[in-house]
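Here the structure is laid out as structure tokens; the discussion comes afterwards.
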Amino acid sequence: MLNAKIIRLSVSDVRFPTSLEHHGSDAMHTDPDYSVAYVVIETDDGSKGYGLTFTLGKGTEIVVCAVEALSGFVVGKCLEEIVSDFRAFYRLLTSDGQMRWVGPEKGVIQLATAAVLNAVWDLWARTEGKPLWKLLVDMDPKRLISCIDFRYITDALTEQEALDMLLKRQEGKLQREEQMLKEGYPAYTTSCAWLGYPDQQLKQLCTEALRDGWTRFKVKVGADLQDDIRRCGLIRQMIGPSNTLMIDANQRWDVGEAITWVTKLAEFRPLWIEEPTSPDDILGHAAISKALAPLGIGVATGEQCHNRVMFKQLLQASALQFVQIDSCRLGSVNENLAVLLMACKFQVPVCPHAGGVGLCELVQHLILFDYISVSASLHNRMCEYVDHLHEHFKSPVVIQDARYIPPKDPGYSTEMLEDSVRRHQYPQGAVWQGLPREGQTVQDSADQETD
Ligand SMILES: C[C@H](O)[C@@H](O)CC(=O)C(=O)O
Ligand SMILES: [Mg+2]
């Protein structure tokens with residue numbers, strides 16, 4: 001019920017030892033343990049909402065602390081009170097006179113804001129009995145706009161412009177929704193070519209992915225040029241000339257170095273270079289974009305773009321050709337809506353960042369909404385997919401023929417299995433207690449765990 005009062009918020013540090021097998025490794029994050037700060041809110045009528053934000057292991061405890069610091073803004077509020085003026089509630093969390101000093105709207109506090117607000121959106125969608133994408137698609141455009149904080153972006157997009165865009169897209173919405181339900185949203189895979197995977201594994205995974213119908217592949221680059229040339233050559237040869245290749249450097253280079261390095265990989269015809277340099281360097285991204293445009297290579301970024309203001313500047317400076325929203329980096333759905341609308345105005349395609357723990361589960365809702373209600377285009381658009389850790393979710397993503405099939409369960413697909421949360425809690429969960437000691441293999445410790 002909308003008038004239910006939120007009476008409790010709990011948060012857990014949940015980590016998965018993915019570094020043991022080099023899953024998720026890249027040129028800057030060589031040993032990630034995919035993790036989440038996992039939030040559960042409970043109401044006085046017994047309903048629950050689930051939210052999370054993604055981390056790489058160490059430091060998750062700091063995000064947990066920040067979530068606890070925000071909990072006072074949520075506990076005691078009715079859901080109705082929050083969603084009837086969601087913009088005000090967003091501001092309450094992000095603009096508190098004391099708390100904003102540890103942001104504002106960036107870093108750990110913004111990750112915590114995302115986790116908390118994701119739980120609120122999940123609760124709202126469950127209360128309405130709809131998957132989140134459908135809640136957004138069905139929402140009156142005025143109400144949708146009222147969830148967005150336009151402060152700092154009105155020089156790029158006004159409230160009225162955003163409303164006009166949504167109203168214009170009302171036409172054809174039903175057909176686009178039917179199309180998505182039938183065909184799903186196009187995806188690409190990053191699972192084949194993490195930086196720590198040896199060539200043999202890369203070949204094996206690529207063969208399997210091609211067999212499963214994947215046509216778009218992302219490869220990690222940036223640590224060693226000769227390795228990159230070999231790995232990109234290998235994968236281009238396997239996928240053939242007409243499939244799509246993207247490369248991702250995860251912020252490894254300086255601006256000039258990025259241009260030189262990517263020029264040397266141009267023969268493999270990547271569609272984009274992702275995160276070539278510091279995520280905060282807007283002019284740097286603009287320079288790289290300009291230099292690589294004649295080679296037909298675009299710049300993609302966003303997974304560490306911490307707020308709408310950064311995206312605004314990247315768009316204004318023509319510094320990126322692909323917008324990579326992230327469901328857990330920006331301030332939840334509220335801020336993602338702002339970025340989707342700005343990207344549409346600037347006519348830059350959105351290709352969300354996903355993967356990690358739960359990012360695919362969450363962001364599929366946003367990109368479905370984007371197609372049905374905002375962009376109405378699939379040109380040069382695809383959503384990332386990574387084949388790890390979905391088994392820990394109550395409503396895991398469904399991929400068919402390399403496309404996301406729209407989720408049907410009510411909510412934001414954020415709920416994790418209780419047993420998974422318990423076993424992976426850090427450091428007391430059974431998985432962490434049973435991790436290999438010096439001299440043991442992962443298999444030894446897995447055997448120990450089942451004994
Ligand atoms: C550390 C993460 O796995 C990162 O490499 C993910 C990423 O850059 C992507 O999926 O893109
Ligand atoms: Mg990336």
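Checking the condition touching a residue at least 40 places away in the same chain (Cβ under 8 Å) and within 16 Å of ligand 1 (Cβ to nearest atom), which residue from Gln316, Gln304 passes? It would help to see each step written out before you state the result.
Details: Gln316 fails: within 16 Å of ligand 1 (Cβ to nearest atom).
None of the others qualify; the one that does is Gln304.
Of all the numbered requirements in (1) closer than 23 Å to Lys106 by Cα; (2) assigned to a helix (DSSP H, G or I), Ser19 misses one, and that requirement is (1). For region 298-308, filtering for residues that are more than 13 Å from Gln110 (Cα to Cα) and surrounded by fewer than 23 Cβ atoms within 10 Å (Cβ to Cβ) leaves 1. The residues of region 312-361 that are part of a helix (DSSP H, G or I), aliphatic (A, V, I, L, M) and within 16 Å of ligand 2 (Cβ to nearest atom), listed by number, are Leu314, Leu359.
Quick one: count up the residues across region 215-239 that are closer than 23 Å to Tyr404 by Cα and either in contact with a His (Cβ under 7 Å, 6 or more places away or on another chain) or more than 15 Å from ligand 1 (Cβ to nearest atom) (or both). Quick ask: steps written out before the conclusion?
Restricting attention to region 215-239, the residues satisfying the condition of being closer than 23 Å to Tyr404 by Cα are 215-220, 239.
Next, only the ones that are either in contact with a His (Cβ under 7 Å, 6 or more places away or on another chain) or more than 15 Å from ligand 1 (Cβ to nearest atom) (or both) stay: 215, 239.
Adding up the residues that qualify gives 2.
One residue stands out among those in region 32-58 that are within 16 Å of ligand 2 (Cβ to nearest atom) and hydrophobic (A, V, I, L, M, F, W, C): the one that is farthest from the chain's Cα centre (by Cα), which is Leu56. All of Gln251, Gln226, Gln237 fail the test of being buried (at least 21 other Cβ atoms within 10 Å of the Cβ) and among the polar types (S, T, N, Q), apart from Gln251.
Before we move on, is Arg87 under 24 Å from Gln364 (Cα atoms) and in a helix (DSSP H, G or I)? Spelling it out, Arg87 is indeed under 24 Å from Gln364 (Cα atoms) and in a helix (DSSP H, G or I). Among the residues of region 394-415, those that are outside any loop (DSSP other than H, G, I, E, B) and either within 16 Å of ligand 1 (Cβ to nearest atom) or touching a strand residue (DSSP E or B) at 6+ places or on another chain (Cβ under 6 Å) (or both) comprise Val398, Ile399, Arg403, Tyr404, Ile405.
Scan Thr154, Thr190, Thr113, Thr127 and give me the residue that is over 27 Å from Cys78 (Cβ atoms), buried (at least 18 other Cβ atoms within 10 Å of the Cβ) and of a type in the set (Val, Ile, Thr). Being over 27 Å from Cys78 (Cβ atoms), buried (at least 18 other Cβ atoms within 10 Å of the Cβ) and of a type in the set (Val, Ile, Thr) holds for just one of Thr154, Thr190, Thr113, Thr127, which is Thr190. Residues that are of a type in the set (Ser, Thr, Tyr), away from ligand 1 (no atom under 16 Å from the Cβ) and more than 19 Å from the chain's Cα centre (by Cα) are absent from region 13-31 altogether. Of the helices (runs of 4 or more DSSP H) contained entirely in region 202-302, not one carries at least 3 residues that are within 16 Å of ligand 2 (Cβ to nearest atom) and at positive phi.
If you check Glu21, Glu61 for being touching a residue at least 24 places away in the same chain (Cβ under 8 Å), farther than 21 Å from Leu93 by Cα and either more than 16 Å from ligand 2 (Cβ to nearest atom) or β-branched (Val, Ile, Thr) (or both), only one passes: Glu21.
All of the numbers you see were taken from the coordinates with simple rules; none came from a lab. Treat the numbers as computed from the prediction; the structure is a model and nothing was measured. When we count neighbours, we look across all protein chains shown, and the Cβ atoms used for this are built from the backbone with ideal geometry, even at glycine.
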